[in-house]
Structures are given as structure tokens and as C-alpha cells.
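See structure below.
Please treat every number below as a calculation from the coordinates, not as lab data. Just so it is clear, the structure is predicted and the values come from calculations on it, not from any experiment. For neighbour counting, all protein chains shown are included, and Cβ atoms are generated from backbone atoms with ideal geometry for every residue, glycine included.
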Amino acid sequence: MSTTALRSGLYVCRACDLICRPLEGGRDCDCPRCGEGLHARKPDSLVRAWTFFVLACILYIPANTMPALESTTLLSFTSNTILGGVRVFWEDGDYLIAGIIFFASIVIPLAKLAAMGFLLSTAQARSKWLPRRRAIIYRVVHTVGRWSMVDIYVGGLLVAIVQFNTIGEVSIGPASLPFAAVVILTLFCSLSFDPRLIWDPLDDPK
Amino acid sequence: MVACPECDLLQKEVELGPRGVAQCARCGAQLFRYIPHSVDATLAFMIGAAVFFVIANAFPVLSLEAQGLTNSTTLLGSAQALYDDNERLVAILMFMTTILLPGIEIAAMLYLLGSVRFGHVPRALSFAYRLTEAVRPWTMMQVFLIAVIVSVVKLSHMATVVLGIGVYSLAGAIMMVSAAVSMYDPRAFWACVKELRP
């Protein structure tokens, strides 16, 4: 008969994975090996993750509707949203780059929000449905999220390097702050979510 | 006994051969690995990473030539440009994820593994260890490298773009850090610490 650490009255340190016996009466204590605070599950995991999730969803709208990059040349002023930037790459024939940006800036944030919404609601409902599948989704979401930062860095590089007064100047638009915030908030969201909540309903004695 | 960090299942520890990986029986998460000479190998790659990292920050990543003018930027320079462009928060975020936090990760790993390798328990052991764990999800040097490639393509239509020493060193640093992380076995590290403690 298999059992979990929690049901055996043991806590696992989330920093160094040491199995610890908590203090009597559930008082707060730290991992004896690395000093990380010990908890059975990440504290307020669902509440925190939901908060980051909702904030990210709200900021996702300005991130995609406001201009992300504004370039000024002697003859013209252009400003593009993130999707507009992808279109420019595509029309220039840079299909690979268009694909990378489309994937990193549009597909990953959307997929990440959808996946976290799904994981959070099933965990909230204490669903027992396909736990292994959901564990894999969580793992993928958590590793892939950081790649959305590509667009922000491209903005930084272009602003730094295209500063020829005669030829043109580039500056980043108002979308970059909400966009960066979406990336950071979704990372905080997946960090606050405790994947063990996927499995806890299965361990209930009922 | 080990507990799965992702699903909390308690299971018996198994003996692993070299390069073996133990997976959780229930959720498939990686429980631990056995890497021979993990501490030595991780330390060696981290030293390499530190060298590349310093060079990557000291030299320009990109130069642009147009109509006789040249403009180049370093890693810090691009964050600085955003800061001057009044995108302070985005600039700080960029500085932290590409320079500060990767630097902290490399430094803390060198400190931890170096101390243990040369026979003493680091004084700030628990703090430095928790720091490496906390910082790791936020290091994004690899992402920055892709951004450099995208920028090169974007700019190549309007001017001559030259890749700087910084980019090659950055690629080196990324490879070294990935190699170090793939050789890193926290269990081996803690076993060394345990041996050193009286």
C-alpha cells in the first residue's frame, strides 16, 4: 500500500527535498538542512495562483492591443502591435523569425493562461480526472513560460542599437510593460501553484 | 525513502547505475539522478560559465553600421537604453533576468561547490543554497540569445549588422550553465556537506 509523505505526517522541503517531521501542534518551522520554511503544501497556493492568473488575464488585453514597437525614420512613423510585428516579418519573407515571435509572444502566453486556468479549476474542484496528464501539462507550462520574454529583449536591443538620427530611431511602445507583466505574472502563477494539489484528491480516504 | 516533489508519493530509494534517473512511480517526475563526480563536474562547468559570463558582459553583443556610422551595444547597454527610453520597469526586469540573476546563480553555485570541494562547509550554506533554488526559474540568458538572432534578422534589411564577442561568449556561458545544471545532483552535494560536518 503506497502512501504520501503528508499522510505519513511528513513534510518535504521544497528547496532541498529533505523529508522532515514537523513540530508538534503544527507550529511553523524551517528545514533543518537548508533553512527553507516547511509547509505541507505551498501556503495559500490556489488563492495566490488565482490572483496572479486573473491579473495576467487582464493585462493580456493591453499587451496585445497597444503598440509594442514604434520606429521613426525621416520619411515615416510606424507603430506595430505584437501581432503586427509578426506580420512585418512574414511579409519580409522571414518566416522562421515570424514563427519564433508568433510562438513566443502569442501562442505561449495564451496556451499558458489556458493551461493554468484549467489546472487551477480542476485542482479547485478536487477533480480526480487524468492526474498524470495534468502533471505533465504543469511541467511543460513551467519550463516553457520564460521564452515569452524574447519580444521584450528584442525591443531592448533595437532601442539600444538603432539610434541614428538621420536614418531612424526605435522606441518601445506602451504594450511592453503590460506584456512583460503578463510573462512575470504567469511565471509567479505557475510557481505558486502546488502540483501536489493535482494528486491530493486521489489520496483522500473517501 | 524519498518523497516525490510533485505528487508527494513516498517510495523506496532505488540503487542507480551511472547516469541513471529515478522517476516517480505515480506521476513520472524525476526524483533523482546518479551522476558520478557530480560536484567536480558541476564546479568545472560553472567556472567556465563564470569566465564566459564576464566576457559576455564586457564586450558588445551587436554592432550596426549604416552610412558610415557605427553603433554597438552590450548586454547592460540594451537594458540601459530601455531605462533612458522611460521604460524603467521593463529595463529593470531585463537587467535582472539577463545579468543580475544569472550572475547570482553562477556566483552562489561557485561558492557552494567550491567550498565543499576544497573541504569546508560554506558559512552561508543554507542561504546560498536557497538563493540558487529561488533564482533558477528567473534566469533567461538563453532567451536573450534568441532575441539577438531575431534582432539581427530584423536589422539586416536596413544596415550591416556585426555580431560581437559578447554574443559568442553569451552562447558559451549558456552552454556551460546548461552543462553544469545537467551534471548537478543536489543529493551528492548534500552528501558531501554531511561528510564534512563534524
Expressed in angstrom and rounded, the centroid-to-centroid distance over alpha carbons for the range B:127-178 and the range B:43-78 is 9 Å
So, relative contact order of chain A in percent, Cα under 8 Å, 6 or more apart, is 30 percent
Relative to chain A, whose Cα atoms define the longest principal axis, helix A:176-192 and its Cα axis are tilted in degrees, nearest 10, by 10 degrees
Magnitude of the Cβ-charge dipole (Lys and Arg +1, Asp and Glu -1) of the protein assembly as shown about the Cα centre, nearest 20 debye, reported as 1520 debye
Contour minus Cα-Cα span, B:HIS157 to B:VAL181, at 0.36 nm per residue, comes to 4.9 nm
Using the Kirkwood radius over Cα pairs of chain B, the Stokes-Einstein translational diffusion coefficient at 37 °C and 0.692 mPa s, in µm²/s and rounded to a whole number, is 172 µm²/s
Label model pair A:PHE77, A:VAL107: point-to-point distance (7 angstrom along the Cα→beta-carbon line) in nm is 3.5 nm
Each label sits 7 Å from Cα toward the beta-carbon; between A:ILE58 and B:ASN86 the label points are separated, in nm, by 2.4 nm
Rounded to the nearest 10, the angle in degrees between the Cα long axis of helix A:45-65 and the longest principal axis of the Cα atoms of chain A comes to 10 degrees
Karplus ³J(HN,Hα) for the range A:154-160 (6.51 cos²θ - 1.76 cosθ + 1.60, θ = phi - 60°; Hz, whole; x = Gly/Pro) runs 4, x, x, 5, 5, 4, 5
Between A:ILE19 and B:GLN23, the two model label points (7 Å from Cα along the beta-carbon direction) sit apart by a distance in nm of 2.2 nm
Per-residue ellipticity at 222 nm attributable to helices in chain B (runs of n ≥ 4 DSSP H, -39500 (n - 2.57) apiece, nearest 500 deg cm²/dmol) works out to -18000 deg cm²/dmol
Per the 1/(1 + (r/R0)^6) rule, R0 = 51 Å and r from the Cβ atoms of B:TYR168 and A:ASP204, FRET efficiency to 0.05 is 0.40
Here the relative contact order (percent) of chain B, from C-alpha pairs under 8 Å and at least 6 apart, is 30 percent
Subtracting the Cα-Cα distance of B:ALA134 and B:HIS37 from 0.36 nm times their residue separation yields 32.5 nm
Once amide hydrogens are built 1.01 Å from N within the peptide plane, the residues lying 5 or more places from A:GLY37 or on another chain with amide H under 5 Å from its amide H are A:CYS31
To the nearest 20 debye, the range A:1-40 has a Cα-centred charge dipole, built from +1 on Lys and Arg Cβ and -1 on Asp and Glu Cβ, of 120 debye
Counting only residues 5 or more apart in sequence or on a different chain, those whose built amide H sits under 5 Å from that of A:LEU18 are A:CYS13
With a Förster distance of 45 angstrom and the Cβ-Cβ distance between B:GLU65 and B:VAL121, calculated FRET efficiency to the nearest 0.05 equals 0.25
Length gained if B:ILE55 through B:ARG197 is fully extended, taking 0.36 nm per residue and subtracting the Cα-Cα distance, is 47.5 nm
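Enumerate the helices in chain B for which the Kyte-Doolittle hydropathy averages -1.0 or more and the C-alpha atoms extend at least 20 Å along the helix's axis, using complete DSSP H runs.
B:38-58, B:101-117, B:141-155, B:165-183
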Relative contact order of the range B:1-55 (C-alpha contacts under 8 Å, at least 6 apart) in percent is 25 percent
Listed by chain and number, the residues whose amide H is under 5 Å from that of B:PHE32, excluding neighbours fewer than 5 places away on the same chain and using placed H, are B:ALA22
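Starting from the exponent 0.38 and prefactor 2.2 Å, build the expected Rg for the protein assembly as shown from its residue count and divide its actual Cα Rg by it.
That ratio works out to 1.08.
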